[in-house]
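Undergrad: Pasting a structure here, questions to come.
The values are calculated or read from the model by the stated rules, or taken from the named source; none is laboratory data. What you are looking at is a predicted structure, and each value in this text was computed from that prediction instead of being measured. Using ideal geometry, Cβ is built from the backbone for each residue, glycine included, and neighbour counts are taken over all protein chains shown.
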Amino acid sequence: MSEPREPLHTVLRSPSKEVVMGADKPFVVIGERINPTGRRIFQQQLRDGDLSAIERDVKAQVEGGADVLDINMGVPLTDEPELLVKAIKLAQSLTDLPICIDSSVVEALEAGLEAYEGRALVNSITAEDERMEQVLPLVKKYDAAIIALPNDADEIPMEADKRVVLTEKIVRVATQEYGIAIEDIVIDPLAMPIGADPTVGRTALDTMLAISQRWGLNMTCGASNVSFGMPGRHAINATWLPMAMTVGMTSAIMDARTPQIVEAVRAADLLLGNDEWGMNWIAAHRARQAAAAAAGSTT
């Protein structure tokens with residue numbers, strides 16, 4: 001088996017904070033909660049102009065240990081570009097974490113990128129020609145990084161080698177046709193529900209290993225996708241992510257309010273040598289001890 005390539009570094013920024021994604025860097029937790037999908041009450045609040053839930057979600061993700069915040073404002077019967085701009089500006093007034101701008105609406109992506117102060121991550125494109133033609137010029141114009149999924153209009157490939165072929169297409173088009181730096185391409189290797197097909201976990205791991213060895217690209221996934229429909233989801237996710245980290249996964253879109261999963265990736269950072277002298281692990285442990293002591297003193 002060949003050795004993995006030299007890791008690439010994807011740099012994200014807010015006005016005062018920089019987060020670097022790379023195989024030799026600490027795992028990047030992208031807090032996913034600022035998303036109204038499946039949240040009926042939150043959707044109605046947003047239609048009514050009530051952004052208070054965004055404030056609560058930002059606070060919870062930051063306190064849980066998120067490094068980046070994913071913001072999605074896909075709410076039916078709203079002006080998504082306008083709402084996304086408001087959400088981004090509100091988040092940036094509350095935290096210095098960089099932002100992942102998440103939308104399927106091109107106009108919303110452009111509005112969000114224009115409003116954002118810093119260097120954003122865009123979520124996402126596929127290998128479909130039309131989607132790349134719509135989004136990659138914006139990524140180049142606003143000097144952003146992009147999450148890309150190796151599926152196209154024909155299929156979501158169930159074989160690792162087909163996903164690698166589509167990754168090759170994405171890399172070629174993004175770098176050669178749009179001048180996007182290869183380190184600014186972050187691949188989602190398509191982590192799919194294990195409950196629907198027991199082979200998909202292995203396929204995703206094989207895909208990650210091949211991508212890591214060939215390009216050294218950074219990778220991410222929706223952390224909860226793998227466990228969807230299964231009981232004991234936190235245990236599955238807390239096992240899956242460290243496994244994925246050993247073959248090149250460098251970030252995940254996940255709910256930072258779940259300590260079991262966050263601690264699992266921080267422990268993996270320590271064991272993989274990406275937490276120098278264990279300082280992050282020790283600092284987090286001491287912070288938990290202090291919080292517990294403070295809570296005990298008030299009871």
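Undergrad: Which of the residues belonging to the stretch 82-116 are more than 19 Å from residue 148 (Cβ to Cβ) and surrounded by 20 or more Cβ atoms within 10 Å (Cβ to Cβ)?
TA: 83, 84, 87, 88, 91, 92, 97, 111, 116
Undergrad: Would it be correct to say that residue 147 is β-branched (Val, Ile, Thr), closer than 21 Å to residue 222 by Cα and touching a residue at least 60 places away in the same chain (Cβ under 8 Å)?
TA: Answer is yes for this residue.
Undergrad: For the stretch 1-41, how many residues meet the condition of being farther than 16 Å from residue 251 by Cβ, without any contact (Cβ under 8 Å) to a residue 60 or more places away in the chain and either within 14 Å of the chain's Cα centre (by Cα) or buried (at least 19 other Cβ atoms within 10 Å of the Cβ) (or both)?
TA: Of the residues in that region, 2 qualify.
Undergrad: Can you tell me how many residues in the stretch 221-266 are assigned to a loop (DSSP other than H, G, I, E, B) and without any contact (Cβ under 8 Å) to a residue 12 or more places away in the chain?
TA: 2
Undergrad: May I ask you to list the residues in the stretch 87-130 that are in contact with a strand residue (DSSP E or B) (Cβ under 9 Å, 6 or more places away or on another chain) and either among the hydroxyl-bearing types (Ser, Thr, Tyr) or free of Cβ contacts under 8 Å to residues at least 24 places away in the same chain (or both)?
TA: 95, 103, 104, 116, 124, 126
Undergrad: Further, regarding this structure: Within 17 Å of the chain's Cα centre (by Cα), among the small types (Gly, Ala, Ser) and at pLDDT below 95: which single residue out of 153, 145, 191 fits that description?
TA: 191
Undergrad: Ok, one more. State whether one or more residues within the stretch 65-79 are surrounded by 14 or more Cβ atoms within 10 Å (Cβ to Cβ), of a type in the set (Asp, Glu) and either farther than 30 Å from residue 267 by Cβ or touching a helix residue (DSSP H, G or I) at 6+ places or on another chain (Cβ under 7 Å) (or both).
TA: Within the stretch 65-79, one or more residues are surrounded by 14 or more Cβ atoms within 10 Å (Cβ to Cβ), of a type in the set (Asp, Glu) and either farther than 30 Å from residue 267 by Cβ or touching a helix residue (DSSP H, G or I) at 6+ places or on another chain (Cβ under 7 Å) (or both).
Undergrad: Let me ask another. Only one of these conditions is not met by residue 274: (1) polar (S, T, N, Q); (2) farther than 23 Å from residue 12 by Cβ; (3) in contact with a Lys or Arg (Cβ under 8 Å, 6 or more places away or on another chain). Which number is it?
TA: (2)
Undergrad: Could you list, in sequence order, the residues of the stretch 191-221 that are over 17 Å from residue 157 (Cβ atoms) and among the small types (Gly, Ala, Ser)?
TA: 195, 212, 216
Undergrad: Considering only the stretch 1-116, give the helices (runs of 4 or more DSSP H) lying wholly within it that have at least 1 residues that are in contact with an Asp or Glu (Cβ under 9 Å, 6 or more places away or on another chain) and among the polar types (S, T, N, Q).
TA: Correct list: 40-47, 52-64, 80-94.
Undergrad: Spot the failing condition for residue 182; the list is (1) of a type in the set (A, V, I, L, M, F, W, C); (2) in contact (Cβ under 8 Å) with a residue 60 or more places away in the chain; (3) surrounded by fewer than 19 Cβ atoms within 10 Å (Cβ to Cβ); (4) closer than 30 Å to residue 233 by Cα, and only one is missed.
TA: Condition (4) is where residue 182 drops out.
Undergrad: Kindly evaluate residue 30 against the criterion of being under 19 Å from residue 93 (Cβ atoms), touching a strand residue (DSSP E or B) at 6+ places or on another chain (Cβ under 9 Å) and among the aliphatic types (A, V, I, L, M).
TA: no
Undergrad: Only one residue in 208, 219, 245, 254 is closer than 19 Å to residue 60 by Cβ, surrounded by 23 or more Cβ atoms within 10 Å (Cβ to Cβ) and either of a type in the set (Val, Ile, Thr) or touching a helix residue (DSSP H, G or I) at 6+ places or on another chain (Cβ under 9 Å) (or both). Which one?
TA: Result of the check over 208, 219, 245, 254: 254.
Undergrad: While we're here: Quick check on my filter: what residues within the stretch 45-85 are of a type in the set (A, V, I, L, M) and closer than 13 Å to residue 31 by Cα?
TA: Scanning the stretch 45-85 gives 54, 58, 60, 62, 66, 68, 69, 71.
Undergrad: Of the conditions (1) touching a Leu at 6+ places or on another chain (Cβ under 7 Å); (2) part of a loop (DSSP other than H, G, I, E, B), residue 197 clears all except one; give me its number.
TA: (1)
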